[in-house]
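Chemist: I have a structure here, written as C-alpha cells, and I will follow up with some questions on it.
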Amino acid sequence: MQGQIKRPTVLITWGFTYLAIFLVPVILFSFVVLRSTSMISEESERANQNFAKQICTSMDKELTDVSNLAQTCIHSTEISTVLNQKEYNSTQARYNVYLAVEHLKVVAAFAGNVKGVYVFLSDGSALSLSTYYPLNYIDSLMPYTDFPYNAYMECSEQVLRDRFMVLEKEGQPYLCYICVPSSYSPDGAPGHVVVIANLNSLSSMLAQADSSNTSGVIALDEDNHLLFSNMDVSPETLSFLLDAEKNGRNQFQDENGSWQGFAVERSSVSPLRYIVITPRSAFLKSYLLVRNLTVICTVLAIVLFAALAWVMLRRSYAPLRALQVSVSGKKENVPFRYRGNEWEEIRQAVDKTLDENKRFSQELERQKQLVQQNLLMSLLRGRLHGRDELTPRRFCAAHGIAFPYDGFTVLLFGVQAESPENLQDYFLQFNVLRQAVMERLTQKYLCYLADTGGGLAVLLNFDRDEGMTELLRDDLHQLRSFLESTYHVPFYTAVSSVGCSFEEISKAYYEASYVMDYLLLHQRKTVLFYADCLSENTARLYLYSNEMEQRLEYYIRLGMEERAVRQLDLILDQAADNSSDLPEMVNCLLYDITGTLLKLMEPQERQNAAGIIRALSAAVSLEAKREILCGEIGKLCAMNSAQLEQKRPKVVDEAMEYINGSYTDPNLNVNSLAENFHISSSYLSKQFSEQTGQRLLDYINQTRLRQAKELLRQNVGVQEAAVQVGLRNSANLIRIFKKYEGITPGEFRDMAQGTTGEGTIAEI
C-alpha cells in the first residue's frame, strides 16, 4: 500500500487549492454585498446633492437676471427722473411718468423671466406696465394685477434695502426683488423698484423630478415656510426634516416611520433653499433583489463546485500520472514507490529538453547570419521568390529581415589593399570597414549587411523623404572621413537611387554595381551616387536607361514595330558612339535588351531564350546582333498587334487620340477624360492598362513630357514649356522629369544643348 501514498497527497493538495481559489471570490463578494448598502446610499446622496445644485444654479441664474433688471431700471434716466419728482400734476411731470412707463415696457420686453415690474413713488402711487399716469390710490391698482399688495405693505414697513422677499397672495407665493436708489435722504427713499420673478425654471425642475418618480423637491424660504413642492409634505414631515437638517444628518423618518434621504442646497442670491428627498426604498429595492439572487447563486455555486471539484481532481491527476510514467520510462500498469521524485523526474526531463533546445538554438543562431546573407543576396540579385503563398517581403520577414518602411537604397562598399598580394591587410581593412558601417549607419537607419565576395552590400530601409539623399550623402562622407583619418582605410562607396520601392531592390543593386564598376574603372576612392554618375557620364556609361526600356516596351506592347525598331536603333547607335573604351558595355546592353524582350514573350515562347542568347554571342558585328533583335521585335509586335485588334475597346484608341490632341489643356486628367467619354474613370483606367500595358496617368504625363523635351531642345524656358504642355507651373514639370527621367528639366536642356541632339537624347 506504500505505493499509493502519492495519489491522496496530490489530491488533498489540489483540493485545498481549489477550495482556496473558490473561497477567495466568495469572501470578496460577501464583503462587496455588505458594503453595497452604504455605497448605494452614498451614491444616492451625491445624486441628490447634484440635483439640488442643479436646481439652485438654475434658479440663481434667473434671480440674478431679476436683480440686474431692477438695477438697470432704477439707474435709468427715465425712472430716476420720476423717483426724484416732488409733484406729479404738471404736464412735464406726467410726461416724465409716460416716459418711465414706456421705458418699463421696453425693459420688460427683453426679460423673459420676469412676471411684473413696479415703480413705487414717494407719494404712495405706483407705475406698472399698463399704467400711463401715477395713481393716487395704490389699492385701485391691485385688482388688476397679480401683485400681492397687502403682503408687500407688511414687508415694506421694514427698512428698505436691496433684497429678495417672499410674498403671498391668495395662498400663492411670490418671489420679488426690491431695489432702492444707492443713496437717499434721511427722510426716506424717494421711491423704489419691485420686480416679480417668474419661477418657470423651478417649476420645470420640479416637474422633471416628479416625472422620475424617484425624488421629491421642496423649496423653503428663510423662515422655513414651504414655497414649492412636487410632493405632499405634512407639517410633521417638514418638522422632522428641519430637525434632521439642524442636527447635520442626511436622513430622517417621516410621520409614517419611513426613512428618507435628503440633500440641501442654499441659494447665493435669495433667501431660498432647495431640498431633494429620495426614499431609501427606491435605492434599496435593487439592492435587495441583487442580494437575494446572490444568496441563491452562492448556494448553487457551492453545490456545483463540490461536485465539479471532485470530478476535476480525479481527471486532473490522470495526466500527471501518465506524464510521470512517460518521463520515467515505466509501464502504465506497474505500481511505483513514492520517493518524492514525481515532479523531480518531470523537471529533469524538461531540463534535458531545454538543454537540447538551447544547443539547437545556438547552432541555429550560428547559421542564421549565413542564411540571412544568402537570402539578402538573393533579394538584391532579383532571385528571391516567395514560398508557400508568402510574398518575397513576407518571406524575408519570416527569416528575420523585416522592412517596416517603404523606401530602399542599396550601398556597395569596397576596399583595396596597397598590395594585392597582401590579403591580410585587405581582410583587416574590410573588417574595419564592416564594423564602422554597422556602428555608424545602424544608428540612423534600418540596414542589413551582406558580403558580396569582393565587397560589402548594405540595404537601407527608411521612410521616403525628399531630403534623404543629402542626409545620406553627409553621413557617408562623415564615415569616409572617420575611416581615413582614424584607420587610414580608403574605400569606394557606390549608392543606388535613393528611395526606390521593394520591387525595385534588384534594380537598385544593379545601379549600385554599375556605379561601383565606374569607380573601380577610374580608381576613384570616393562616394558616388547613381544620379551623380549619370550626370557625370550618362552617354558613355549608362546605355540603357529606365526611360529607354519603358519606351521600347511601350511600342512593342502596342505592336508599333517601326517605332520599336527606331528606338532600338537609337539605343544601339548611342552605344556604338559612346562605348569605344568599354566594349563589354555593349554586350551588357544587348543582354539587357534581350531581357526586356523575354519579359514581353508568352511563357511558351521563353523557351527560345537560350537560342537568342547563343545567336547574339555568335554574331560578330553589331549590325548582325541588331538584325537578330529586330527579328524578335517583329515577332512580338505582330503578335501584340493581332491581339490588340481583337480585344482592344474602341474607347482606348479614342482616349489616346484625345490625349495627343488635348495635352495642352491644364484640366486634362483621368477624371476629365472619363467624363468626356461618359464612362467611369476606373473602367477607363483598367481598359487602358490592360490593352496598352501602361497606366493612363503615365501616358498623359509622358505625352506632356515628350512635348516638353522638344520645347526644351529649342531653348524654351522651363516655366513656359510647362504652360505650353498643359502644366500649371514649373514645379509640376520638374516633378514629372524627376519621376520619369531622374533629372530636372534644366539639366535636360543643358544636356541637349551640349550634344548634337539625336545621339544622346532619346525621342519618341
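What follows draws every value from the coordinates through simple rules; no lab data is involved. Computed from a predicted structure; not experimentally measured. Cβ sites come from the backbone with ideal geometry, for glycine too, and all protein chains shown count toward neighbours.
Chemist: For residue 197, what residues show an amide H to amide H distance below 5 Å, using hydrogens built from the backbone and excluding near sequence neighbours?
Modeler: Correct list: 115, 175, 176, 177.
Chemist: Suppose each label sits 7 Å from its Cα in the direction of the beta carbon; what would the residue 695-residue 431 distance come out to in nanometres?
Modeler: 4.8 nm
Chemist: On to the next question. Which of rounded, prolate or oblate describes the range 648-764 when judged by the alpha-carbon gyration tensor and an a/c cut-off of 1.5?
Modeler: Note, shape of the range 648-764 comes out prolate.
Chemist: Pop the C-beta distance of residue 642 and residue 502 into the FRET formula with R0 = 30 Å and round what comes out to the nearest 0.05.
Modeler: In this case the efficiency is close to 0.25.
Chemist: So, one more: Return the FRET efficiency for the residue pair residue 680, residue 732: r is the Cβ-Cβ distance, R0 is 30 Å, and the value is rounded to the nearest 0.05.
Modeler: 0.75
Chemist: May I ask for the net charge around residue 465, where only other residues with Cβ less than 14 Å from the Cβ of residue 465 are counted and Lys, Arg are +1 while Asp, Glu are -1?
Modeler: Result for the neighbourhood of residue 465: -3.
Chemist: Once fully extended, how much extra length lies between residue 442 and residue 258, figured as 0.36 nm per residue of separation less the alpha-carbon to alpha-carbon distance?
Modeler: Separation in residues times 0.36 nm, less the Cα-Cα distance, equals 58.5 nm.
Chemist: Oh, and also: When the Karplus curve 6.51 cos²θ - 1.76 cosθ + 1.60 is applied with θ = phi - 60°, which whole-Hz ³J(HN,Hα) does each residue of the range 84-100 get, with x for Gly and Pro?
Modeler: With the stated coefficients, the range 84-100 comes to 8, 5, 8, 9, 10, 9, 6, 4, 5, 5, 5, 5, 5, 5, 4, 4, 5 Hz.
Chemist: Please work out how much length the chain gains when fully extended from residue 95 to residue 308, using 0.36 nm per residue of separation minus the C-alpha to C-alpha distance, in nm with one decimal.
Modeler: Full-extension gain reported as 66.9 nm.
Chemist: Continuing with this model, one more query. Taking amide H atoms as placed 1.01 Å from N in the peptide plane, list the residues 5 or more away in sequence, or in a different chain, whose amide H sits under 5 Å from that of residue 127.
Modeler: It is 119, 120, 121, by chain and number.
Chemist: Roughly what % of Cα-Cα distances in the range 403-536 sit above 22 Å, to the whole percent?
Modeler: 32 percent
Chemist: Also: Karplus couplings for the range 502-516 from phi (6.51 cos²θ - 1.76 cosθ + 1.60, θ = phi - 60°), rounded to Hz, Gly and Pro as x?
Modeler: With the stated coefficients, the range 502-516 comes to 4, 5, 9, 5, 5, 5, 5, 5, 5, 4, 5, 4, 4, 5, 5 Hz.
Chemist: List, in order, the whole-Hz ³J(HN,Hα) value for each residue of the range 367-381 obtained from phi through the Karplus relation with A = 6.51, B = -1.76, C = 1.60 and θ = phi - 60°; use x for Gly and Pro.
Modeler: After applying 6.51 cos²θ - 1.76 cosθ + 1.60, I find 8, 4, 4, 5, 4, 5, 4, 5, 5, 5, 5, 5, 5, 5, 8 Hz.
Chemist: Between residue 246 and residue 225, 0.36 nm times their residue separation minus their Cα-Cα distance comes to what?
Modeler: My answer for the length gained is 6.0 nm.
Chemist: Further, regarding this structure: Note down the magnitude of the dipole of the range 403-536 about its Cα centre, charges +1 on Lys and Arg C-beta and -1 on Asp and Glu C-beta and zero elsewhere, to the nearest 20 debye.
Modeler: It works out to roughly 220 debye.
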